[in-house]
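Structure first, then comments.
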Amino acid sequence: MSTAVMSIHVQRIHKPSEKELANCVVVLDAAFHHKLYLSAVGGDQSLIAPLVRAHVNAAVVGGELWAATLPEAGIVGVALWFGPGSTFLGTAEQRQMGWDDIMARIPAENIQWWDTYFATLDEISGRVLGAGIKRDAYQLYVLGTHPEYQRKGVATALQKEVEAITRERGIALVVETTGAQNVSVYERLGYRTMGSGKYVRANGQPGELFVFLKNP
């Protein structure tokens with residue numbers, strides 16, 4: 001194990017500073033290279049950072065913001081979790097932390113896409129997991145590592161920290177992710193692939209959503 005991996009520090013940020021929030025946005029923005037978001041905001045690249053910030057803000061007020069840091073680099077990995085009984089954008093407070101502003105600035109067809117996407121996500125998860133499983137679990141909504149630090153154990157460290165807490169409390173973990181390439185990643189982390197379902201990406205292309213479960 002390299003020194004970089006051994007020096008990873010993971011913590012939940014309860015009251016993030018503006019600098020910490022900005023750094024989390026930079027990491028997630030770089031991790032996804034705009035792939036997940038650009039078409040979903042009508043191709044307006046200026047909305048990418050505010051949209052990512054809205055995701056982070058929602059986790060701060062309604063879920064949990066976790067960060068992995070390295071002494072020489074600061075924040076290099078970010079995870080947005082939502083505990084039992086809470087969901088992404090599940091409250092008006094979450095939506096008011098930037099999400100509503102984004103929705104007011106994108107075309108109507110993109111607003112409809114987001115609504116359909118969330119509904120499809122809930123339908124697939126409910127079907128493959130069963131009633132109430134997702135609601136009672138810890139849900140990983142976003143996990144990203146800065147490209148310069150990928151494949152160095154950062155994402156695994158972020159997972160394991162929360163897993164240790166949920167194991168003590170007897171709570172399952174649920175992950176929903178797109179892309180068949182992610183299946184082996186989560187299976188190596190001990191998750192079971194519960195099933196999948198089709199959805200339509202914001203660019204109109206077909207996609208597949210996979211749902212994973214890890215019992216305590």
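At a glance:
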item	result
Residue-span extension gain [ALA180 to LYS160] - 0.36 nm each, minus C-alpha spacing	5.0 nm
From the C-alpha gyration tensor of region 3-214, square roots of 5λ in Å	24, 22, 17
Whole-number percent relative contact order across region 3-214, with pairs defined as alpha carbons under 8 Å at least 6 apart	22 percent
Kyte-Doolittle mean at least 1.6, axial Cα span of 18 Å or more - DSSP H helices of the chain	none
Nitroxide proxy distance, nm - points 7 Å out along Cα→Cβ at GLN112 and HIS33	3.1 nm
Loop-exposed trypsin sites (Lys or Arg not before Pro) per DSSP, neighbour cap 16 Cβ within 10 angstrom, longest uninterrupted part of the chain	36-104
Among GLY130, GLY85, GLY197, residue whose mean-square fluctuation peaks in a GNM of the chain (springs only between Cα atoms under 10 Å)	GLY130
Extension reserve of the ASP101-LEU189 stretch, reckoned as 0.36 nm per residue once the Cα distance is removed	28.0 nm
Beta bridge orientation in region 3-214: antiparallel %, DSSP, nearest 5	90 percent
Förster radius 41 Å - calculated FRET efficiency between ASN203 and ARG167, Cβ distance, rounded to 0.05	0.60
Scaled radius of gyration (Cα, divided by 2.2 N^0.38 Å) that region 67-189 gives	1.18
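Read-outs throughout are calculated quantities, based only on the coordinates presented, and are distinct from any laboratory measurement. Just so it is clear, the structure is predicted and the values come from calculations on it, not from any experiment. When we count neighbours, we look across all protein chains shown, and the Cβ atoms used for this are built from the backbone with ideal geometry, even at glycine.
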